[in-house]
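What follows draws every value from the coordinates through simple rules; no lab data is involved. These figures come from a predicted structure and were not determined experimentally. Because the Cβ atoms are built from the backbone with ideal geometry, glycine has one as well, and the counts that use them run over all protein chains shown.
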Amino acid sequence: MRIFTGAVVATAACLCMALPAAAEKLSLREISRYLNSFETASGAFTQINDDGTISQGRILIKRPGRVRFEYQPPEDMLVVANGDTVGIIDGKSNDGPQGYPLNQTPLSIILARNVDLTRARMVTGHTSDGKTTTVRAQDPENPEYGSIDLVFTAAPTELRQWVINDSGGSRTTVILGGLEKGVTLRNDSFVIPGIGGSGQRDR
């Protein structure tokens, strides 16, 4: 699962775009409010994989529970979450689509219908470097599923990147190029080829 595995390579230059000179640490309530403030969004992303390779593409988000990663060539890959399942479609593999329960991945935390980072034991880290606020969150009932590091800028609050820390100790970074919120997205964009389905499971 490349989208959920990987070791982070230093990419500070990618994050320096349009960062404010200084900013106060965002509260967990403000971050939760921001994540709950939109249902749909789309934009470009850059992904840093386990082996240090870099992939790029377009992300579509439709909360709750749905996301689509469209990778640019030379990648031949599509990752789709339909509300219940994360489907990995690798055009270079002969194994066909692979499916995994969405609620067993840290990404489900920000795709929930109601994000509440103030829940007990959900946030295990909350720091600021004066320019960004980073929150590490996990499923409080199932910390063995891994965690997600969310990086935000302020004024206005914006999600800039996340890092998936999977149960095996691997990490994958996704850097966002700027999300356009409130876009119209077709439901069939979140049907997993070869698996199908379009469920919307709440957390």
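Within 10 Å, count the other beta carbons around each residue, average over each peptide in 60-66, 113-119, 74-80, and list them highest first.
By packing density, highest mean first, the sequence is 60-66, 74-80, 113-119.
What are the residues whose amide H is under 5 Å from the amide H of Thr85, where those residues sit 5 or more places off or on another chain and H is modelled from the backbone?
Leu102
When you take every Cα atom in the stretch 21-67, what is the radius of gyration, and what is Dmax, the widest Cα pair distance, in Å?
In order Rg, Dmax, the Cα atoms of the stretch 21-67 give 14.5, 35 Å.
Evaluate the stretch 75-171: find the radius of gyration of its Cα atoms, find its Kirkwood radius, and give the ratio Rg to Rh. Provide the component values of the computation, followed by the final result.
Details: Rg = 15.1 Å, Rh = 14.8 Å.
Ratio of gyration radius to Kirkwood radius for the stretch 75-171: 1.02.
Label Arg58 and Glu39 with points 7 Å out from Cα along Cα→Cβ: what is the distance between them in nm?
Calculated label separation equals 2.1 nm.
Percent relative contact order of the stretch 59-174, based on C-alpha pairs within less than 8 angstrom and at least six residues apart? Write out the running numbers ahead of the final one.
Numbers: 215 pairs, mean separation 16.9, N = 116.
Relative CO of the stretch 59-174 lands at 15 percent.
Check which residues have an amide H placed less than 5 Å from Leu107's amide H, if you skip close sequence neighbours.
Amide H to amide H, under 5 Å and 5 or more residues apart or across chains, Leu107 pairs with nothing.
Residues of the stretch 54-73 with backbone nitrogen within less than 13 Å of a virtual label 7 Å along the Cα-to-Cβ line of Leu185, please, listed as ranges.
Backbone N within reach: 58-70.
If R₀ is 35 angstrom, what is the calculated FRET efficiency for the pair Glu24 and Glu70, using the beta carbon separation as r and rounding to 0.05?
Values: r = 35 Å, r/R0 = 1.01.
My answer for the efficiency is 0.50.
May I ask for the percentage of alpha-carbon pairs in the stretch 32-118 that lie more than 17 Å from each other?
The proportion of pairs with Cα distances above 17 Å equals 54 percent.
In whole Hz, with x marking every Gly and Pro, tabulate ³J(HN,Hα) for the stretch 129-140 from phi via Karplus 6.51 cos²θ - 1.76 cosθ + 1.60, θ = phi - 60°.
9, x, 10, 10, 10, 10, 10, 9, 10, 8, 6, x
Calculate one ³J(HN,Hα) per residue across the stretch 50-63 by plugging θ = phi - 60° into the Karplus curve 6.51 cos²θ - 1.76 cosθ + 1.60, and present them in order as whole Hz with x for glycine and proline.
4, 8, x, 6, 10, 10, 10, x, 10, 10, 10, 10, 9, 7
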